[in-house]
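**Q** The structure is given below, and queries will be raised subsequently.
Read-outs throughout are calculated quantities, based only on the coordinates presented, and are distinct from any laboratory measurement. Remember, predicted model here, so these are calculated numbers, not experimental data. Heads up, the Cβs are rebuilt from the backbone with ideal geometry, glycines too, and the neighbour counts pull from every protein chain shown.
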Amino acid sequence: MSTSTDPKALLAALYDDNHRWLRAWLYRQLKCPQDAADLTQDTFIRVLDARQLTQLEEPRAFLSTVARRLLFSFWRRKRLEQSYLDSLALLPECYSPSEEDLALVREALESIDRLLNGLPARVRQIFILSRLEGLTQPLIAQQLNVSLATVERDLRRAFLHCLAESAELA
Amino acid sequence: MTQPKVDACTREAVDWLLRLEAAGEDRDLRQAFDAWLHASPEHAAAWQRVGNLLQQPIAALHRVEAHSPGQLRAASHALMTPDTVSRRKVLRGGLALVLFGVSGAALLDRAQPLNGLWADRRTATGERSTFTLADGSRLSLNARSSVDIQFTEQRRVVHLREGQVFVDVAADARRPFVISTAQGEVQALGTQFMVSQEAAGSLTSVQLHSVKVTTQGGHQRRVEAGQAAWFSEEWVRPVPLSAAGRVDWRDGRVDIRDEPLGSLIDALRPYRRGVLRISPQAAALRVYGVYPLDDAEQTLQSLAQTFPLRIRRYGPWLTLIDVQ
């Protein structure tokens, strides 16, 4: 392993020494060579962005921590997309969306899901019914069999959560 | 808790949004809100922040929904189910049930026609039809609609495959009259009602007396004259009577009362060949009036003269409507 302190050389060394190992590690989790290669690349990009690179004591522990975080959001995206496709499968074939539509929906789903992340199921559901489907508060209360006060409280909570999250991401 | 990260102005803006949405038309509240909004630039900025929240992805989903119906439901379904392992199980279970329901019905369809009890009726694009059934009931089909009719000793069932049907039921105390859709059944408790099969679910509206809706999942609800309700496999949701629930199409017109232009365009769709796409901005314009259905092109022209619309045609198969 290199002992240089030049960030570029450090990254190059980190990459040379570990990218094969990381890709193999990711492949074991993902069972798909393309996804594993993509996430390997993403992990190194994240490492490059993340910090002033210094000599790492445990480079593989560090890399796998970063990769695990990416893996988590990768699975989350996959699940979201699969859930959407499952619901779509119930529609007649003539309604199957174009590739362009799919890309739009996927992107929209991810950005909404990112902000809603961490909210309890009912709060999420109420927020979606209100903002996405445009249901009024009384209709939501009726449909979910909860009080109007609960709907209002949950909506407020979801709004504040999303606003805080979006401020953080910005 | 992430909430303390949000400043006081933004919290106030959220409160205002929720209050305004809950209140409907309330002039006093509206005035109080205007006063708050103009009291400081920070209020205006906070209001904008709240209004802009997720606006882009939500608009994108609405856009896709406008030309590929059902997407919004699928998307919101995906978002609503919490991100746990059990979600997948629940979803799979639900899907299996629904798929079984569909294929069960499909099998029945194939088994039955041979016994002569079935009579398919359909209308083409731009065509309407009214006819009398064996029991004396009168059935009207809107354009691009189809039904299968199955009368037995016990029940009179009309399966609505697509489109809209209006029925004036002849009394027969021994045999209930039912219109079934992919999501459930509407049983006549009186005489006149309408059922519409849409991509996202079913809509029923009652013109005289009442009906009973029973969804595939067993949920029931009575709908009275002058009312309308949407239903899926799992719920029945009363909705205000709108253009979609009125039956003026029987007379070749659509009666629209301060409703979004999108609803009028939806009513025109089965009367035109080709794809009619409308932008969310244009779809949101409020419309009031009675429009003829039979000359959909003429109706589009007159709309373009009344509203700030831009209508672009790409051959007979694609028409785009947008605000100017």
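**Q** Could you give the dipole magnitude of region B:3-53 about its Cα centre, charging the beta-carbon of Lys and Arg +1 and that of Asp and Glu -1, in debye to the nearest 20? Let's see the in-between values first.
**A** Values: 6 positive and 9 negative charges, 35 e Å.
Magnitude of the dipole: close to 160 debye.
**Q** If you line up the long axis of helix A:121-131 against the longest principal axis of chain A, both from Cα atoms, how many degrees apart are they, to the nearest 10?
**A** On a 0 to 90 degree scale, this one is about 70.
**Q** Compute, for region B:120-244, the length of the dipole vector about the Cα centre, with Cβ point charges of +1 (Lys, Arg) and -1 (Asp, Glu) only. Units Debye, rounded to 20.
**A** Details: 14 positive and 13 negative charges, 30 e Å.
Computed charge dipole of region B:120-244: roughly 140 debye.
**Q** Starting from the amide H of residue B:278, placed 1.01 Å from N in the peptide plane, find each other amide H under 5 Å away whose residue is 5 or more places distant or on another chain.
**A** The list, which skips near neighbours in sequence, is B:321.
**Q** Quick one: 3J(HN,Hα) in Hz for region B:62-69, Karplus 6.51/-1.76/1.60 with θ = phi - 60°, rounded, Gly and Pro as x.
**A** Per residue, the Karplus-derived 3J(HN,Hα) values read 5, 5, 4, 4, 4, 10, 9, x Hz.
**Q** If amide hydrogens are placed 1.01 Å from N in the peptide plane, which non-local residues have theirs closer than 5 Å to the one on residue B:170?
**A** Residues meeting the criterion, in which the H sits 1.01 Å from N, are B:137, B:138.
**Q** Let me know the charge dipole size of chain A about its Cα centre in debye, to the nearest 20, where only the beta-carbon of Lys, Arg (+1) and Asp, Glu (-1) is charged.
**A** My answer is approximately 620 debye.
**Q** In whole Hz and in residue order, list the ³J(HN,Hα) couplings for region A:134-143 that follow from phi through the Karplus curve 6.51 cos²θ - 1.76 cosθ + 1.60, θ = phi - 60°; x for Gly and Pro.
**A** So the Karplus estimates, Gly and Pro as x, are x, 6, 6, 4, x, 5, 5, 4, 5, 5 Hz.
**Q** Just tell me how shielded A:120-132 is by partners: mean number of partner chain Cβ atoms within 10 Å of each residue's Cβ, no decimals.
**A** Values: counts 1, 6, 2, 1, 5, 5, 1, 3, 7, 2, 2, 5, 12.
Rounded to a whole number, the mean comes out at 4.
**Q** To continue, here is another question. Starting from the 7 Å offset along Cα-to-Cβ, what nm value, one decimal, do you get for the label separation of residue A:82 and residue B:127?
**A** Taking the simple label geometry, residue A:82 and residue B:127 are separated by 4.6 nm.
**Q** Determine the relative contact order of chain A: mean sequence separation of Cα pairs under 8 Å and six or more apart, normalised by residue count, in whole percent.
**A** Working: 95 pairs, mean separation 25.1, N = 170.
Reported as a whole number, the value is 15 percent.
**Q** As a footprinting exposure proxy, order A:162, B:9 by other Cβ within 10 Å, with the fewest listed first.
**A** Values: A:162 24, B:9 18.
The most exposed by this proxy come first: B:9, A:162.
**Q** What length, rounded to one decimal in nm, is gained on full extension from residue B:221 through to residue B:322, with 0.36 nm per residue of separation minus their alpha-carbon distance? All intermediate terms of the calculation are to be shown ahead of the outcome.
**A** Numbers: separation 101, 0.36 × 101 = 36.36 nm, distance 3.87 nm.
Here the answer is 32.5 nm.
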